[in-house]
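A.B. asks: Once you've had a glance at the structure underneath, I'll fire off some questions.
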Amino acid sequence: MSLRKLLLRLSGYLGAAGPPRRQWWCSGAPDTISSVVSRRAHSSRSPAHWNQVVSEAEKIVGYPASFMSLRCLLSDELSNIAMQVRKLVGTQHPLLTTARGLVHDSRHNLQLRGLVVLLISKAAGPSAEKSSCQNYDVVSGIYSCQRSLAEITELIHTALLVHRGIVNLSELQSSDGPLKDMQFGNKIAILSGDFLLANACNGLALLQNTKVVELLASALKDLVQGVYQENSALAKEHSITDDIGMSTWKEQTFLSHCALLAKSCQAAMELAKHGAEVQDMAFQYGKHMAMSHKAQEKGRLNYTKLRETIKAGKGVTSAIDLCRYHGNKALEALESFPPSEARSALENIVFAVTRFS
């Protein structure tokens, strides 16, 4: 399949997510219910500790992760859209929350996906092939094409968050705001999300690597499919302990929350011409780190059902065990990479994600 056809397919996936819910919830910095990762000891996880872990990681890769999508966010086109978003002030449109998080909430909007892509790129280093990214500059041990990939990953994630700001107008309440304002908010969410995705597609084309485009296109397809499945489960008020089954929950969680990071980590290895084994270990780290992050009870909760599962002694224990399992699997994948500051930073991220205090 040609690069042009792949990019066209990539840009078309967001329109296949099905009807919107009243509000889509997005996660911020990790806040899990897990105790210590069983294999290794580490310090207490708190907001201050998490920020310290990320700050140290940013020093290793060369610049703050929050700068990754800054060029796009400060473009004239998006600046004009941002001016229009001001009209939504006073309403409950979720696009306002998303916009505030992108420009203000540094504590909860750390761009973890791009940072992980940069760290694993540096941890792997250059491949033995002489043709490895010869036309790209290297800064802090990371190829410029890998930095571009990290930015693209964040742009895709941000586009999904913005598109998740679309509300179901048929479920509006009087406290949400005037109907015309909510309709306007939906239009802005669609427009700005499409703009970010278009920039991501353009960046992918400039990388001139068909396999990388295939990986990111399949990740976006997974995201759309996972979000659709997640909507269906939420409509039935399912949780981890419900009858949908753990395997089904894992499948839809991977699709909607883990595929982008896992396949971006693999793509970073492809750009440096690493072999299949290294690419798979990068994929496994991204997958299991994201799964451990997601194995928590947060978002839209049925508190009556939550109290019942806590009393039964099953829900919290299951989530803790799941966090430990995926955290350990992520650490196992890192053992294939040589010891380095970047590898240690990736381990510390796992420790921070899987610690609850």
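A.B. asks: Restricting attention to the stretch 116-154, which residues are among the aliphatic types (A, V, I, L, M) and modelled with pLDDT of 90 or more? Don't jump to the end; show me each part of the working.
C.D. replies: Just the residues of the stretch 116-154 that are among the aliphatic types (A, V, I, L, M), to begin with: 116-120, 123-124, 128, 138-139, 142, 149-150, 152.
Across the stretch 116-154, the qualifying residues are Val116, Val117, Leu118, Leu119, Ile120, Ala123, Ala124, Ile142, Leu149, Ala150, Ile152.
A.B. asks: Go through the stretch 174-183 residue by residue and tally those that are open to solvent by 60 Å² or more (accessible area, probe 1.4 Å) and either touching a residue at least 60 places away in the same chain (Cβ under 8 Å) or closer than 14 Å to Gly90 by Cα (or both).
C.D. replies: Taking the stretch 174-183 first, the residues open to solvent by 60 Å² or more (accessible area, probe 1.4 Å) are 174-175, 178-180, 183.
Next cut, either touching a residue at least 60 places away in the same chain (Cβ under 8 Å) or closer than 14 Å to Gly90 by Cα (or both) only: 174-175, 178-180.
Going through the stretch 174-183 one residue at a time, the tally reaches 5.
A.B. asks: Residues of the stretch 326-349 being assigned to a helix (DSSP H, G or I), in contact (Cβ under 8 Å) with a residue 60 or more places away in the chain and within 21 Å of Gly141 (Cβ to Cβ), which ones?
C.D. replies: Leu334, Glu341, Ala342, Arg343, Ala345, Leu346, Glu347, Asn348, Ile349
A.B. asks: Of everything in the stretch 84-113, what is assigned to a loop (DSSP other than H, G, I, E, B) and at pLDDT below 75? Give them in sequence order.
C.D. replies: Filtering the stretch 84-113 for residues assigned to a loop (DSSP other than H, G, I, E, B) gives 89-93, 104-111.
Scanning the stretch 84-113 gives His104, Asp105, Ser106, Arg107, His108, Asn109, Leu110, Gln111.
A.B. asks: Looking for something under 30 Å from Leu118 (Cβ atoms) and at pLDDT 80 or above - is there at least one such residue anywhere in the stretch 303-323?
C.D. replies: yes
A.B. asks: Let me ask something additional. Taking the stretch 243-296 on its own, how many of its residues are charged (D, E, K, R), modelled with pLDDT of 85 or more and farther than 18 Å from Leu112 by Cα? Lay out the reasoning, then the answer.
C.D. replies: Taking the stretch 243-296 and keeping what is charged (D, E, K, R), we get 243, 250-251, 263, 270, 273, 277, 280, 287, 294.
Among the residues that remain, those that are also modelled with pLDDT of 85 or more are: 263, 270, 273, 277, 280, 287.
Narrowing the set further to residues that are farther than 18 Å from Leu112 by Cα leaves 270, 273, 277, 280.
Residues meeting the conditions: 4.
The values are calculated or read from the model by the stated rules, or taken from the named source; none is laboratory data. This one's a predicted model, so the numbers in the text were calculated from it and none came from an experiment. Cβ sites come from the backbone with ideal geometry, for glycine too, and all protein chains shown count toward neighbours. Protein only, heavy atoms only, side chains kept; ligands, DNA and RNA dropped before computing areas. Shrake-Rupley method; radii C 1.70, N 1.55, O 1.52, S 1.80 Å.
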